[in-house]
Each structure stands twice: as structure tokens, then as C-alpha cells.
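Take a look at the structure below.
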Amino acid sequence: MRPGTLLKAAAGGIAFASLGILSGCGLTLGPAYAIESQKIEVTYESARPELLAIQASYRLKNEGTRPIEALELELPAAQIFGTANIQVTWSGRGLHPDAAVEADHFRLAFGPGFDREKTADLAVSYELQVPADRAAVAPGAVPAIFLPSYGWYPVLQAPPGILGQGGAPPKQWDLVLRIPEGYRVYASGREHGNHRTGREQELRFSQKKEIYSPFAIAGPYTEERVSTSSGTVIFWTANPVPSGRAQKLAERIAADEKFLDEQFANAKSPVPVRIIECPPAESALTPRPWIAFTGCLPVPGSAVVDAGFLEGALDAGTGTEEATLHSIDMQLAASRFYFLARANPSGSPYPMAAAGDYAVWTLDLLHDARGRDASVRALLAQYGSSRPAHEKSLAAVSRNDALETRQAAHLKSALFFIALEDRCSSPHLRAALSRLMRVTSGGTWGVPELRSAMETECGANLADIFREWTDRPGIPADFQNHYASGAVSEAKQFADRIAHEK
């Protein structure tokens, strides 16, 4: 590829792996079905504070070349969400889902009848356990609801086979929430209905093919709106944040959000930054694979919500506050890159998994540019200590690999962006990422698009650096040698900081 050439990426909205695969240009050569309509309903009753009821309804149409007698369905991970009481009906007839090869995947064998051009109704319901000690935002408080952008709703799979197509949502569908009166609600999509009956409220949110997969957060929060010179910040907390402290936090958060907007071509219209308190996590992972591992995001790295989270009530200590602000910055950056920095909607986030980390890296260096080399050495040392025995190249890592493999790959991805900055300068790398976000207009972009944008900004052929970092395991020797000095001491400092954050 010649320097200065920018590949044209698919523009417009994207479909999500979490909700199925688009059927391409409409040509079907094998088994295929379309979801003509769907609705996902969430019910939380204060009388049953330990349970969330989920019900999904679908109207399916066979658009393929032959009948379909079975489909696979992915349900929430039982060990994470406590999934129970699963019930499935096919055109009004009860089905017993059979466990498939993969965990939490089930085979729905409904038999003959779903022929070409025929329609059928599928309904799936189950309950998610919500232990009070993990859901309440304050001791003794009523539990809040945290449903992130992946993992809690059913996922219909395409029929087996290379040519199998199906599972993509319709262009528009409804997410319905039934929750106690008085709860504040933040959910994906556009609210278009609010009905109150007694002590319950029912809200409808119209969902489209937007960047964020469906999510919902609701709880007995107090709200504080704080205006700053950089924008508005909304705090949802169990107890009000003192006004002086809220103003100080909001100034920093709004300024960081503005920087990310300006530097990385945010496609969203300027809106208030929403910061929501959630339960503290039981433990912290080191390194945190993408965003903070909080009590409201049970699957690290698999779910992004268009908001920042406070992990438990804010502590007055400066060190804890800095860690909290850094975590919020990581979440705000992830909300821009997570669904887009990958080859295709259903693809692995590697090698670009750390694009959001790099955005925060540039933000951190605004506050202390002198710590750059020390930070790189710390990342190198941590990568060395977490590197698996049989490491894969970045391009070969998938979401299904072991956690230690993904952790090491995420660290290497961060170092890869730093290597690109070393080669072409920080302004050129930021401009390349901004170009990608602008040109793709909400579409995904992979290694070819990143390389093309980098070559356009840098004015050089970068085949060698991309080949070394993405196609081969390990860290290139010249990069390690450049930052080798002080790696041991920096590793200790990094470990001490992580221990302090815990």
C-alpha cells in the first residue's frame, strides 16, 4: 500500500456481534432467517429484590434456501449473572433447550415446519439473580439495576455452516423496563413511552443500530447537575456529593471529556457527561483489561456503557480520587473506541484493543509529560511478568482466549500504539485516529485502515512496524532496548500503585 492512501471503510451504522450478523447484500445461498420484529422486556419488582426477569420475543422469517429445524441461542453466563428458570416457546409450543458444545450456548430443536418464506414466533424468558451485596449502591439501600451493553440478553446465532445467515436485529425494536416508581433510569435508545401503574413505572426505549448495544441502568439515585467551562456533568449517587467537591470533580471530568472530543473526532453530539455510582467490585484485575472492573460491569472488557462509573462512594483521599478519575477517563475513552476499533463488528478487538488506553495516555501526558518513558518501562515490565508461555501474535488473539492471553495482548496493544507514536509522533497518531473515527462515521476499522491512516499522516511506508507488532509474538528487540533502562524499578513502582488502588 502506498503512503498517503486511505482505504475507504464502510460508513454508516454498524451491526453488533452481540446481536447477530448482518445478512450482507441480501443474497442467500444457504440456510438463513431474518428477525422481523423483537422486543426485550426487563422487570424488577421491589417485592423480589434478588431477581430480574428477562423476556425476549421474536418474529422470525425463513429467508434461506431450505427449511431450518434448529437454532442456537446464547444466554447470559450462569456463573456471572446467576441465570435461572429458563423457559423457551416456539410458536406457542414449549421447548427444552439442549446444551451445546460451548458454555451458555443452547440448541433449540423445534423440528420441521420452519420452511422457506414461513414465519415463526420465538419467546425466551429467564431470571437473573441480583444479590443485594453486589447490587446496592450503599449499605442498606434498595438494589440498583446494572445491565451493561453485552451479556445479559439472549443472542440468536446464525444457522450452522459457512453460508448460514441470521440473528441481526431489525432496524428498530423496543427495550421495555418495568421498575419501581421513583427510580432514575438511563438506557440506550430513545425513550418513547412512560406508563405508571401504582408503584411501578414502565418505560419504552426505541433501539436502532447505533454504536452502543442495549444497556439499562436504574436505581434510587439523587441527581446533581454541575456546569463547568468545559461542559455539564451529571452525578447520580446514593447520597449527594457536597457541592464544592462536585464542582471540583466536574471541572476535571468535563475538561477530560472535551479533550477526548477534540482529539479523537467524537461522532456524538455534545451532551452532558453522566457519572453513576455503582457497588464496589469484589476484586480488581491487574491489568484492568479495558475499563474498570466494577460491581456494575461484571465482565471486564466485554461491555461498554455511554457513561462513567464511580466504584462505590467517593473517598476524600487524593490518591483514591486520582485513581477514580483515571478509571472514569478510561471508561469515557472506551465508549468511543470499544465497538469500532476492530476489523468487523463480530471480530476480535485485537490488535487495536488499547486504542482507548492510548487516548487516555495522551491525556495523562498533558498533566505530566516527564513520566512518559517511566510509564512505558512499567508497561514493558508488566508485560514481561504476565506474558504466557505460548504467546500468540496480536492478530491471532480472540475474545475466547484465556484471560492471561488477553491481558498480555492488551498490554502489547498499548505498547504497539506507543511504538507508532515513536515512529510518527503523537500529533500524527492522534490525527490518524481522528481521521478513522471521522471517515468511518460510526463504522468499524481494522489494521489495514489504521495503517493507511497512519501512512497518510506520517508520509512513510509502515509495513515493517505493523508486521513486527501484529503478526509476530513478543515485543520487537529495538523497542525493548530503547526503553530497557530502569525497567525493574519502574515495575515495582507500578505494582505499588496498583496495590494502593485496590
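Derivation of every value follows stated rules applied to the coordinates shown; laboratory data play no part. Since the model is a prediction, treat every value here as computed from it, not as a measurement. Cβ placement follows ideal geometry from the backbone for every residue including glycine, while neighbour counts extend to all protein chains displayed.
When Val305, Val155 are ordered from fewest to most other Cβ atoms inside 10 Å of their Cβ, what list results?
Numbers: Val305 26, Val155 20.
Going from sparsest to densest Cβ surroundings: Val155, Val305.
As an exercise, use a Förster radius of 45 Å and the Cβ-Cβ distance of Thr197 and Ala109 to find the FRET efficiency, rounded to the nearest 0.05.
Step by step, r from the Cβ atoms, then E = 0.70.
Test of understanding: ordering Met330, Met454 by Cβ neighbours within 10 Å, fewest first, what list do you get? Display every interim value, and only then the final one.
Values: Met330 20, Met454 25.
Ranking Met330, Met454 by Cβ neighbours within 10 Å, fewest first, gives Met330, Met454.
Using the structure shown, list the pairs from Lys208/Lys258; Lys39/Lys118; Lys39/Lys392; Lys208/Lys392 with a Cα-Cα distance above 31 Å, or answer none.
Where the Cα-Cα span goes over 31 Å, the pairs concerned are Lys39/Lys392; Lys208/Lys392.
With a 10 Å radius around each residue's Cβ, average the other Cβ atoms per peptide and rank 51-61, 414-424, highest first.
Descending packing order for the listed peptides: 414-424, 51-61.
Put a dot 7 Å past each Cα toward the Cβ at Ala477 and Ser206; how far apart are the dots in nm?
6.1 nm
Separation between the Ser386 and His367 pseudo-spin-labels, each 7 Å from Cα along Cα→Cβ, expressed in nm?
So the label points at Ser386 and His367 sit 2.0 nm apart.
Extending each Cα 7 Å along its Cβ direction at Thr89 and Ile162, get the distance between those two points in nm, one decimal.
For Thr89 paired with Ile162, the spin-label model returns 4.0 nm.
Rank the residues His192, His390 as a footprinting-exposure proxy: fewest other Cβ atoms within 10 Å of their Cβ go first.
With the fewest neighbours first, His192, His390 line up as His390, His192.
Which of the aspartates and glutamates could be linked to Lys61 by a straight reach, that is with a Cα gap under 17 Å, when you skip same-chain ones fewer than 8 residues away?
Within reach: Glu36, Glu69, Glu72, Asp115, Glu117, Asp121.
Ranked from highest to lowest mean number of other Cβ atoms within 10 Å per residue, what is the order of the peptides 427-434, 397-404?
By packing density, highest mean first, the sequence is 427-434, 397-404.
Hey, with R₀ at 35 Å, roughly what FRET efficiency would Arg438 and Ser243 work out to, going by the Cβ-Cβ distance, to 0.05?
After rounding, the FRET efficiency stands at 0.40.
Ordered by packing density, taken as the mean number of other Cβ atoms within 10 Å over each peptide's residues, highest first, how do 349-360, 76-87, 232-243 rank?
Result, highest mean Cβ count within 10 Å first: 349-360, 232-243, 76-87.
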